[in-house]
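What follows is a set of notes on a single structure, which appears directly below.
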Amino acid sequence: MGQRTNEAMCPIQGVPLPARIVKYWTKVEQFQASKEDLLIATYPKAGTTWTQEVVDLILNDGDVEKCKRAPTQVRMPLLEMTTADDPSAGITMLEAMVPPRVIKTHLPIQLVPHSFWEAGCKVIYVARNPKDSVVSYYHFDRMNLSQPEPGPWKQYLEKFMTGQLVWGSWYDHVKEYWRKRHDKKILYIFFEDMKEDPAREVSDIAQFLGRQLSKSIIDHIVQMTTFSVMRENPMANYSTVPDTKFDRTVSEFMRKGEVGDWKNHFSAEEDAAFDEHYHRMMADCPLPIRFTI
Ligand code: A3P
C-alpha cells in the first residue's frame, strides 16, 4: 500500500492549492485555450467524472467503444493536475493534445486562465449540494493518498465550512460561477437534477454543445452513464490509478453516487449548525440547491 504524500498546501489568491502547482502557477495562468475547447468546471466531488463521460459520449454520438479509448483522466485531463514527476502534468498533457479538447478543472472562476474567456470557450459547471459534497470529499481524501490527511470527520466538516480544503470554499466556488453564468458561455447544472432526470440533463448538455441526438442515442447515453454501469467501466471508474495512490481498502472512487447520503454522516447537531451557516453564506445568492430529491 502507498504512503500519503502529505504535500503542503499554499494559497493562490486565498485559495489553498497543492504547493507543487503553486510554484508553476504562471504555466497555468498562461495556458492557451482554443475556442473549440470545452471546460468542465466543478468543486471536487460534484459529479465531474459522470459529466465527463456524458460529454464524451455526446461528442462521439453515443459510441461506447470510442469512449473506452483511454481512462477519463487521459481523455479529459485536469488542467491543474500535478504529480511528483511533473508538477504541471495537466498542462503537459493538454499541450500534447490537439483542440478541440475537453478540459477538467476544479479551479474557482477567478483562477481560470484568461485565455478561456478571451477565446469564448463553452463551460459546463456542475454543482452538488454541499452536504453530499463534503461527505464524498471526506471519503475521497481518506483514500486518495495525494490529498492531505482528512483527520476526524468533525474537523473535516469545519474545514469544509471555512474553505480550508484543497480548492477552497465550496460557497465561493458555486456562487461565483452562478453569478457569471450569463456573462460567459456557462451551462450551470446540478448533480441532483442529473439523478432525478438524466435524459433531460443529457439532452440539455447536447443542445448546449450544438449536437442533435436522437431520443434513442440520448437514452443509450443515459444507460451507459448510470452509476452501476460506470462503476464497472475501467475507463471511467479510476481503477487505472494504482493502489499506491488510491487506497481502495479504505473507500472506492465510485462510492455510492446518491443524493442524501449525508444523512448517514451528519449528526443532528452538525446538521443544525450546518443549516444555520449555509443560510448565512448563501443569503446573497439564491442558488436552487436541493439536499434531497
Ligand atoms: P459519492 O462519493 O457520493 O459516491 P467527482 O467525479 O466530481 O469526483 O465526483 C465523484 C462523485 O460522483 C462520487 O460520489 C461518485 O460516486 C459519484 N458518481 C460518479 N459517477 C456517477 C454516476 N454515473 N452516477 C451517480 N454518481 C456518480
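Numerical summary
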| quantity | calculated |
| --- | --- |
| Whole-percent pair-distance distribution, where bins are 5 Å wide, for the alpha carbons of the range 30-166 | 2, 9, 17, 21, 20, 15, 10, 4, 1 |
| Among Asn233, Asn144, Asn129, residue whose mean-square fluctuation peaks in a GNM of the chain (springs only between Cα atoms under 10 Å) | Asn233 |
| Size of charge dipole - the range 150-251 - debye, nearest 20, with Cβ of Lys, Arg +1 and Asp, Glu -1, no other charges | 300 debye |
| Sites Val74 and Arg200, calculated FRET efficiency, Cβ-Cβ separation with R0 30 Å, nearest 0.05 | 0.50 |
| Cβ charges +1 (Lys, Arg) and -1 (Asp, Glu), total dipole of the range 10-51, debye | 200 debye |
| Residue pairs, from the table Lys131/Lys175; Lys35/Lys122; Lys45/Lys131; Lys68/Lys215; Lys45/Lys104; Lys23/Lys104, whose Cα atoms sit over 18 Å apart | Lys68/Lys215; Lys23/Lys104 |
| Computed log₁₀ I(q)/I(0) - Debye formula, equal Cα scatterers, no solvent, the range 165-293, q 0.10, 0.11 Å⁻¹ | -0.48, -0.58 |
| Stretchable slack from Arg231 to Gln164, in nm (0.36 nm times residue separation minus alpha-carbon distance) | 21.1 nm |
| Dipole magnitude of the chain, debye to nearest 20 (Cβ charges: Lys/Arg +1, Asp/Glu -1, about Cα centre) | 360 debye |
| Net charge over other residues, Cβ less than 12 angstrom from the Cβ of Asp63 (K, R count +1; D, E count -1) | 0 |
| Heavy-atom accessible area per residue - the chain, 1.4 Å, Å² | 45 Å² |
| Span from the the range 131-150 Cα centroid across to the the range 250-293 one, whole angstrom | 15 Å |
| Farthest positive-ward along the chain dipole, Cα basis, beta-carbon charges - from Ala268, Gln212, Thr162 | Gln212 |
| Fraction of accessible area attributable to carbon and sulfur, the chain (%, probe 1.4 Å) | 52 percent |
| Prolate/oblate/rounded call for the range 140-199, Cα gyration tensor, a/c under 1.5 rounded | prolate |
| Most mobile of Thr48, Thr244, Thr72 in a GNM of the chain (Cα contacts under 10 Å) | Thr244 |
| Unit charges at the beta carbon, dipole of the chain: most positive-side option, Val174, Gly257, Leu38 | Leu38 |
| Cα centroid of the range 53-113 to Cα centroid of the range 169-206, whole Å | 19 Å |
| Residue of Val22, Val229, Val55 that the Gaussian network model of the chain assigns the largest fluctuation, springs spanning Cα pairs under 10 Å | Val229 |
| Prolate/oblate/rounded call for the chain, Cα gyration tensor, a/c under 1.5 rounded | rounded |
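The values are calculated or read from the model by the stated rules, or taken from the named source; none is laboratory data. Since this is a predicted model, take the numbers as computed values, not measurements. Positions of Cβ are generated from backbone atoms using ideal geometry, with glycine treated the same way; all protein chains shown enter the neighbour counts. Side chains are part of the model used for accessible areas, which takes the heavy atoms of the whole protein and leaves out ligands, DNA and RNA. Shrake-Rupley method; radii C 1.70, N 1.55, O 1.52, S 1.80 Å.
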